[in-house]
Amino acid sequence: MPDVRGWRKKFGVLAPSTNTMVEPDFYMMAVPGVTAHISRILMTNSSRDRDSTEATDQRQRRLEEEMKPAIDRVLTAEPDYMVMGMSAPTFRDGVEGNRKWKARMQEYCGGLGMANGAEACERALNLLGVKRIAILTPYWASTSSHVIRFFNEAGFEVVGHKDLECPSPVAIAHVEADQIRAALREIDSDQVEAIVQCGTDLHMVELADEAERWLGKPVLAINAVIWWMALRENDIQDKLYGYGRMLSEF
């Protein structure tokens, strides 16, 4: 028998333990009959006061060790589909890295489908028919370099880019709307056909919808695009308004 609340689909959602944005964002974008069930990936709120590739690689290794336990916990709820509520690991090592990461996660969860940030953005940009993009992240260069590599390998040209260099994971959710608006204007230009925002703890979903109107081009907030991929992969075609054009038009 179907779940009485999740009678269409139950999504198992993986989110960093430090992230305070992706869970309420997914709940805000809920549609009838679809429920989201969060499993937290243990992540320390360590300082990011300097950029270090070595430290970033160490965090990635620790994160990889935490993925299977987080998946095992949420699988006890018998979800129909998985959603990765953290974007940085999905961009790591470019397109091939994303494909290998997804295959590994699907092995952990018994073959369930899984929406993830890198693949969702790739699909959305291809549907929009754009090639030249600008990227906004809360990261430092040791992480955002993987984001740029992914989009370049996926066939897009990154013509604008800004890292907010947040001092810790929790601090990402402290970035205020005025700072994000200024960053969007800074990376926009006549060359830019669409803007992509990465980092699921950045408060961007509603602001991206607003920015699409005053910039006159698509602004892809990663939480909205991940949610869009999850819904559409499960043949849930409900249109949602106020979170950007992918959910309202595609």
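We did not get these values from a lab; they are worked out from the coordinates using the rules stated. If you're wondering where the values come from, they're calculated on a predicted model, not measured in any experiment. Glycine also receives a Cβ, built like all others from the backbone with ideal geometry; neighbour counts cover every protein chain displayed.
Just a few scattered comments:
- Straight-line cross-link partners of K217 among the aspartates and glutamates, defined as a Cα under 17 Å from its Cα and at least 8 positions apart when in the same chain: E122, E157, E186, D188, D190, E193, E206, D209, E249.
- Neighbour-count ranking [beta-carbon atoms within 10 angstrom, fewest first] of T143, T44, T200: T44, T143, T200
- Note on the chain: helix-only mean residue ellipticity at 222 nm, from DSSP H runs of 4+ residues weighted -39500 (n - 2.57) and normalised by residue number, equals -14000 deg cm²/dmol.
- The fraction of Cα-Cα pairs per 5 angstrom bin, counted from 0 for the range 1-136, comes to 2, 9, 17, 21, 20, 15, 10, 4, 1, 0, 0 percent, rounded to whole percents.
- Alpha-carbon centroids, the range 142-184 and the range 83-98: separation in whole Å: 14
- Remark: for residue pairs K10/K131; K10/K68; K131/K162; K68/K102, the C-alpha separation exceeds 24 Å in K10/K131.
- Dimensions in Å of the range 119-221 - Rg and Dmax from alpha carbons: 12.6, 35
- Listed residues D72, D80, D190, most fluctuating in the chain (Gaussian network, C-alpha, under 10 Å): D190
- Charged-residue dipole, Cβ positions (Lys, Arg, Asp, Glu), the chain about Cα centre, Debye nearest 20: 400
- Ordering I148, I135, A118 by Cα displacement along the dipole of the chain toward the positive end leaves A118 in first place; charges were set at the Cβ atoms of Lys, Arg (+1) and Asp, Glu (-1).
- Whole-Hz couplings from phi, Karplus 6.51/-1.76/1.60, listed for the range 124-134; x for Gly and Pro: 5, 5, 5, 5, 6, x, 10, 10, 9, 10, 10
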